[in-house]
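For reference, the structure is listed below as structure tokens.
The numbers here are math on the coordinates, done by the rules we state, and not lab data. Just so we're clear, the structure is a prediction, and the values are computed from it rather than from any experiment. Note that we place each Cβ from the backbone using ideal geometry, even for glycine, and neighbour counts take in every protein chain shown.
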Amino acid sequence: MEKLPYFTEVHKDVRDIAKKVAEEFSQTASIADEREDYTIIEKNLKRLGEIGILGLRVPTEYGGQGLDMRSYALALEEIAKTCPSTALSYDAHVLAADSIMLAGNDDQKKKYLPMLAKDKIGAFALSEPYAGSDAAALRTVAELKNGRYILRGEKHFITNGKIADVIVVFAKTDPTKGAKGISAFVVEKGSPGLKIGKLESKMGVRGSPTTQIFLDGVEIPKENLLGKENEGFKIAMEALDIGRIAVAAQSLGISKSAFDIAVKYAKERVQFGQPIINFQAIQFMLADMYVKIKASENLTYYAAWLADSGEKVTLQASIAKLFSSEAALEITDKAIQILGGAGYTRDFPVERLHRDAKIMTIGEGTSEIQRLVIARNIITAK
Ligand code: CAA
């Protein structure tokens with residue numbers, strides 16, 4: 001591992017373990033993409049459970065590894081190098097576990113975290129047809145009746161919707177109060193009234209199952225409320241602070257993978273009597289790609305380190321996500337350019353990596369929302 005100030009021997013070990021499992025996932029990544037086969041990704045997540053990666057940051061007393069954000073970032077980076085669909089599903093799973101870690105009481109943590117660290121899959125249900133970037137505009141409602149909450153509404157673009165055992169659902173408990181009227185709930189698979197809608201057919205991360213979720217009078221015990229009533233928006237935002245570092249780490253993995261493929265190809269491909277890597281046009285592209293990878297690395301690892309120091313990471317997470325995701329889109333585009341016609345075919349994974357990179361600039365807050373968060377934070381800090 002390159003010498004970086006952020007890492008210890010433990011991080012090196014985590015990277016090695018993740019690298020090995022990512023090699024396994026590389027065998028099926030293009031099939032999962034081609035066939036939109038989410039069963040492959042489901043199997044991969046279970047594999048991550050077997051080797052302790054699914055519950056990497058879950059405290060040991062709740063069945064996890066008790067590791068830190070830097071370990072999580074490295075694991076995601078390695079997995080995203082070969083199978084971004086698996087990385088994204090793993091990230092969405094962690095958003096659910098993180099919401100429980102952030103706001104759950106001891107009983108809720110004891111009930112849900114060990115299973116999420118082992119072999120059960122999580123999902124994070126915030127987005128709705130009328131509430132994407134404007135997350136506080138969500139319309140799903142939760143009403144307390146006879147000691148049980150009844151949830152009604154519709155969620156969409158939910159990563160893992162099809163395979164989730166535990167869904168963290170955000171709903172209005174006071175529809176008159178915007179962000180201050182939202183609560184977070186744990187809804188289990190199989191709850192009466194819970195319906196999983198159609199599987200979205202997507203441009204990229206096609207193995208990761210994205211679905212609608214319908215809550216048609218889903219009744220859950222009042223004990224499934226996470227934190228206090230009307231404090232759910234803060235839970236969502238805090239989970240997304242971590243999630244945005246996770247997206248930056250996945251973007252970094254995608255960028256590095258595309259870069260390595262481009263270098264290898266440029267060394268082997270002969271045109272005009274010599275390997276194309278000898279040409280300045282190619283070298284300049286590689287230099288620009290490398291600079292962006294180094295910048296993404298430093299922003300992402302710094303944000304993860306900051307999270308491990310117990311600092312608020314809203315600003316740094318948005319900076320890392322904005323830069324690294326936009327960089328991944330550019331780097332994968334340049335990689336296709338270096339491979340030329342070959343890069344445009346499915347014989348090489350760079351076209352898939354480019355399609356997979358696009359979601360990184362959209363999910364867990366678009367690039368525009370990241371700019372808004374960054375601007376708000378730097379303005380208020382002045
Ligand atoms: N941490 C803690 N609290 C926060 C916070 C944070 N990062 N961000 C906001 N809050 C608090 C604010 O302090 C405020 O509380 P007070 O009034 O008590 O101060 C409250 O939340 C409301 O904040 P805002 O006024 O800033 O809210 P807003 O309506 O203007 O929205 C936003 C802010 C940043 C635009 C937010 O709506 C947002 O992040 N939008 C993007 C949503 C998003 O990322 N969706 C992704 C869906 S999940 C997904 O993609 C996962 C997947 O499946 C893989």
Worksheet entry | Proximal lysines relative to K264, as straight alpha-carbon distance under 22 Å, when same-chain residues fewer than 8 apart are discounted | K19, K20, K81, K256, K292, K294, K334
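What is the sum of charges, Lys and Arg at +1 and Asp and Glu at -1, for the other residues whose Cβ falls under 10 Å from the Cβ of W305?
Values: positive: R70; negative: D68, D308, E311.
Overall, the nearby charge balance is -2.
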Item to complete: Give the cross-link partners of K267 among the aspartates and glutamates, using a straight C-alpha distance below 12 Å as the criterion and excluding same-chain residues fewer than 8 apart.
Response: none
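Quick one: grab the alpha carbon gyration tensor of the chain, order the square roots of its eigenvalues as a ≥ b ≥ c, and give me rounded if a/c is under 1.5, else prolate or oblate depending on whether a/b is larger than b/c.
Values: a/c = 1.83, a/b = 1.73, b/c = 1.05.
Since a/c reaches 1.5 and a/b is larger than b/c, the shape of the chain is classed as prolate.
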Worksheet item: About the Cα centre of the chain, what is the dipole size in debye to 20, counting +1 per Lys and Arg Cβ and -1 per Asp and Glu Cβ, all else neutral?
Response: 360
Worksheet entry | Taking F279, F214, F284 and counting other C-beta atoms within 10 Å, the order from fewest to most | F284, F279, F214
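I need the per residue convex hull volume for segment 288-358, using only the alpha carbons, in cubic angstrom as a whole number. If you can, show how the numbers build up before the last one.
Numbers: hull volume 5.4 nm³, N = 71.
That works out to 75 Å³ per residue.
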Response to the item:
P(r) over all Cα-Cα pairs of segment 123-230, 10 Å bins from 0 to the longest distance, whole percent per bin, short to long, reads 16, 50, 28, 6, 0
Practice prompt. Taking the Cβ of each residue in Y72, Y302, Y290, Y265 as the centre, tally the other Cβ atoms inside 10 Å and list the residues starting with the fewest.
Written response: Y290, Y302, Y265, Y72
Response to the item:
Taking a ≥ b ≥ c as the square roots of the eigenvalues of the Cα gyration tensor, with a/c under 1.5 meaning rounded and otherwise prolate when a/b exceeds b/c and oblate if not, segment 248-292 is oblate
Fill in: Normalised alpha carbon radius of gyration of segment 1-143 [divisor 2.2 N^0.38 Å]
1.13
Worksheet item: Cα gyration tensor of segment 178-242, axes a ≥ b ≥ c as square roots of the eigenvalues: rounded (a/c below 1.5), prolate (a/b > b/c) or oblate?
Response: oblate
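May I ask for the net charge around G207, where only other residues with Cβ less than 11 Å from the Cβ of G207 are counted and Lys, Arg are +1 while Asp, Glu are -1?
Working: positive: R35, K43, K202, R206, R352; negative: D33, E34, E36, D37, E42, D356.
Charge balance near G207 sits at -1.
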Worksheet item: In vacuo Debye scattering of segment 234-381, one point per C-alpha: log10 I(q)/I(0) at q = 0.08, 0.10, 0.15, 0.18 Å⁻¹?
Response: -0.26, -0.38, -0.73, -0.94
Worksheet item: Among the DSSP beta bridges whose two residues both lie in segment 89-198, what percent are antiparallel, rounded to the nearest 5?
Response: 70
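Could you please rank V166, V270, placing first whichever residue has the fewest other Cβ atoms within 10 Å of its Cβ? All intermediate terms of the calculation are to be shown ahead of the outcome.
Working: V166 23, V270 10.
The order, fewest Cβ neighbours first, is V270, V166.
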Worksheet item: Could you name the lysines in cross-link range of K202, using Cα to Cα under 16 Å and dropping any fewer than eight places away on the same chain?
Response: K162, K358
Worksheet entry | segment 192-337, dipole about Cα centre (Lys/Arg Cβ +1, Asp/Glu Cβ -1), debye to the nearest 20 | 480
Item to complete: Using a 10 angstrom cutoff on alpha carbons, build the Gaussian network for the chain and name the most mobile of R148, R352, R15.
Response: R148
Fill in: Expected 222 nm ellipticity per residue - DSSP helices of 4 or more, -39500 (n - 2.57), all of the chain, to 500
-18000 deg cm²/dmol
Fill in: For the chain, built as a Gaussian network whose Cα springs stay under 10 Å, the top-fluctuating residue of E61, E143, E78
E61
Response to the item:
Taking Cα atoms only, helix 314-339 is inclined relative to the longest principal axis of the chain by an angle, in degrees rounded to 10, of 40
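V187: net charge of surrounding residues, Cβ under 14 Å, Lys/Arg +1, Asp/Glu -1, itself excluded? List each step's numbers first, then the result.
On the way: positive: K111, K120, R148, R152, K155, K189, K195, K222; negative: E154, D165, E188, D216, E219, E223.
For residues surrounding V187, the net value is +2.
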Fill in: Choice from T39, T361, T211 showing the highest fluctuation, given a GNM over the chain with Cα pairs closer than 10 Å
T39
